[in-house]
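Enquirer: Let me begin by handing over the structure; questions about it come next.
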């Protein structure tokens, strides 16, 4: 894969100011989660631009609310978002994925930000989260999770190991697709479609047993095509995890601490967990949901 020429221009010219921003993907059904996420972002960072990528056609209410209350902008090229969605369906078939619209997040590569952070709505953050993009000075893709500790489960089947598709060291870079950062134009649309088509020829490489949608294909794409990757939890100084299924985190005011490391979490992710009364860290989620009006209750 060749790197898009405009990316080369951005890297070489020190006089061009790099724009940074955050992408989220949502529709009206996840309004409560989107409010909690954006409240947490804005508590620590009132200024970084946030752009909403519509998950489907039912997004008008959440787009209006986030725009009026938080200055969140709608992704400017909705035709591209729809084109991505249709292309995924045509390549894989309409019944291949449990949630094919998750692939709309791939619009991040073509948006307005030179460097960007993507965040799922089942997350709240505990710091000025955009500052983590400073790590992109030495990498082209960033994540921050312990997905790799589960081995290849939920991402690949043992066939990728048997066939030598990836080295074992590369499989240590498996990541969760809910929180990641990168740079504009590392992929062209055609690059994406060619990679999707390659994956569609080998469905036996991917583990969809837990109805993950974009994560297996997205991991394949990043591990194959981006060499300079960094996972913050794998840096020499050990980092706290972030999964809400981890029971040992402790609340300290309105953030969570990993007492084993005496370290604050960067964010909390309810991946695979329904956010509702009685779920792990429900009190933390409620705090950020009701931190500011509006309230839809």
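Enquirer: Grab the beta carbon distance between residue 224 and residue 137, set R0 = 22 Å, and tell me the FRET efficiency rounded to 0.05.
Expert: Numbers: r = 23 Å, r/R0 = 1.06.
Efficiency computed from Cβ-Cβ geometry: 0.40.
Enquirer: Between residue 201 and residue 159, what is the label-to-label distance in nm when each label sits 7 Å out along the Cα-to-Cβ direction?
Expert: Label-label distance for residue 201 and residue 159, simple model: 1.3 nm.
Enquirer: Using a simple spin-label model with points 7 Å from Cα along the Cα→Cβ vector, what separation in nm is obtained for residue 90 and residue 262?
Expert: About 5.8 nm, to one decimal.
Enquirer: Still on this model: Using the per-residue mean of other Cβ atoms lying within 10 Å as a proxy for protection, in what order, highest first, do the peptides 277-289, 47-59 fall?
Expert: Details: 277-289: 16.0, 47-59: 18.0.
The packing order, highest mean first, is 47-59, 277-289.
Enquirer: Any chance you could run the full-extension gain for residue 167 through residue 79? It's 0.36 nm times the residue separation minus the Cα-Cα distance, nm to one decimal.
Expert: 27.9 nm
Enquirer: Against the globular-protein guess of 2.2 N^0.38 Å, express the Cα radius of gyration of the chain as a ratio, rounded to two decimals.
Expert: So the chain has a normalised radius of gyration of 0.97.
Enquirer: At 0.36 nm per residue, minus the direct Cα-Cα distance, what do residue 45 and residue 98 gain on full extension? Give it in nm, one decimal, please.
Expert: 15.7 nm
Enquirer: Just for the stretch 5-286, what percent of DSSP beta bridges are antiparallel, to the closest 5?
Expert: 55
Enquirer: For the ranges 37-44, 201-208, 23-30, 183-190, what's the packing order if you count other beta-carbon atoms within 10 Å of each residue, average per peptide, and put the highest first?
Expert: 37-44, 23-30, 183-190, 201-208
Enquirer: Order these peptides, 84-95, 134-145, by their mean beta-carbon neighbour count within 10 angstrom, highest first.
Expert: Descending packing order for the listed peptides: 134-145, 84-95.
Computed from the coordinates by the stated procedures, all read-outs in this text should not be read as laboratory data. Every value quoted in this text rests on a predicted model; they were computed, and no experiment measured them. Glycine also receives a Cβ, built like all others from the backbone with ideal geometry; neighbour counts cover every protein chain displayed.
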